[in-house]
1. Out of (1) exposed (fewer than 10 other Cβ atoms within 10 Å of the Cβ); (2) at pLDDT 70 or above; (3) among the hydrophobic types (A, V, I, L, M, F, W, C), the odd one out for residue 226 is which?
2. Is one or more of the residues making up the range 44-58 surrounded by fewer than 15 Cβ atoms within 10 Å (Cβ to Cβ), assigned by TED's automatic domain parsing to the domain that holds residue 138 and aliphatic (A, V, I, L, M)?
3. Filter the helices (runs of 4 or more DSSP H) completely within the range 31-113 down to those with at least 1 residues that are in contact (Cβ under 8 Å) with a residue 60 or more places away in the chain and more than 28 Å from the chain's Cα centre (by Cα).
4. Out of the residues in the range 114-156 meeting the condition of being free of Cβ contacts under 8 Å to residues at least 12 places away in the same chain, polar (S, T, N, Q) and not in a loop (DSSP other than H, G, I, E, B), tell me which one is nearest to residue 97 (Cα to Cα).
5. Residue 180 passes all but one of (1) surrounded by 11 or more Cβ atoms within 10 Å (Cβ to Cβ); (2) out of contact with any Lys or Arg (no Cβ under 9 Å at 6 or more places or on another chain); (3) of a type outside the set (A, V, I, L, M); which number fails?
6. How many residues does the range 107-140 contain that are of a type outside the set (A, V, I, L, M) and crowded, with 19+ Cβ neighbours inside 10 Å?
Amino acid sequence: MAGKLARLLIINRWGRLALLTAILVLLLLVYQDLLLEEVYPLVRDTVLRTVGFGFFPLALWLSTAVAVMRLEPRWLARRWRWWLSAALLATGIQAALGGVHGPEGIIADKTLGGIAGQYMWGNSPLQGVPVTAVALLLAATVLHPAMTYRAGVAITRTLAQLLLLLGYWLIRGAGSMAQRATTLHRITSRNPQPRTPIPKVSRSRPTFWQKMRRSSLRRSQQRRPWKRRKNLHLR
């Protein structure tokens, strides 16, 4: 029985994995205090100083690659686009984390991406943004080249149209502002001649005799057409 169990644990692949897991768990239980007090702080500070929070995508990629290499090595060759795209994506994340400083501790002194992220980001966003954009663009291109090309053409065309529209509005606004400035300059530089005041004529009230004369003239003008009609009738 012991011999069969030993052969099962040594010869079988899953048996060796189970034996290795059991040994690791046993070591963790035995040296728990030493690992928590001595080893863990040193490893944590070293990881944060070197790669920062970029440790998580990097550890995920490495652990998945090791597991696939141990279980199905052919997947590494068949799915090489996925592995290369994932590596480029992790690189872009590392570079982006290199441009952000943490609130306190090592990540405040360095960056959220550690020394590696700080090196990729550089001293200014003029270096970090292109590095991050190129890494993400390469990741998308490796995974789906045709789709990335179509998306790039559509985005470039849209940006070109927006830039043309913005330039048109800027030129039009500059022309209208120049025209307004010219008109305002002409108005302010002109010397207008002073207008001569129109004398006010004081009108006095008509007298009684003037009123009588006007009324008689008005009556004579009203009677004159009637006399003409009468003379025409008599003829």
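The values are calculated or read from the model by the stated rules, or taken from the named source; none is laboratory data. Computed from a predicted model, the values in this text were never measured in an experiment. Methodologically, a virtual Cβ is constructed for each residue, glycine included, from the backbone with ideal geometry; neighbour enumeration extends over all protein chains shown.
1. Residue 226 satisfies all of (1) exposed (fewer than 10 other Cβ atoms within 10 Å of the Cβ); (2) at pLDDT 70 or above; (3) among the hydrophobic types (A, V, I, L, M, F, W, C) except (2).
2. no
3. Qualifying helices (runs of 4 or more DSSP H): 40-50, 80-97, 106-109.
4. Here the answer is 127.
5. Unmet condition: (1).
6. Going through the range 107-140 one residue at a time, the tally reaches 9.
Residues checked against (1) farther than 30 Å from residue 17 by Cα; (2) among the hydrophobic types (A, V, I, L, M, F, W, C):
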site: 27; (1), (2): no, yes
site: 44; (1), (2): no, no
site: 50; (1), (2): yes, no
site: 66; (1), (2): no, yes
site: 82; (1), (2): no, yes
site: 92; (1), (2): yes, no
site: 128; (1), (2): yes, no
site: 143; (1), (2): yes, yes
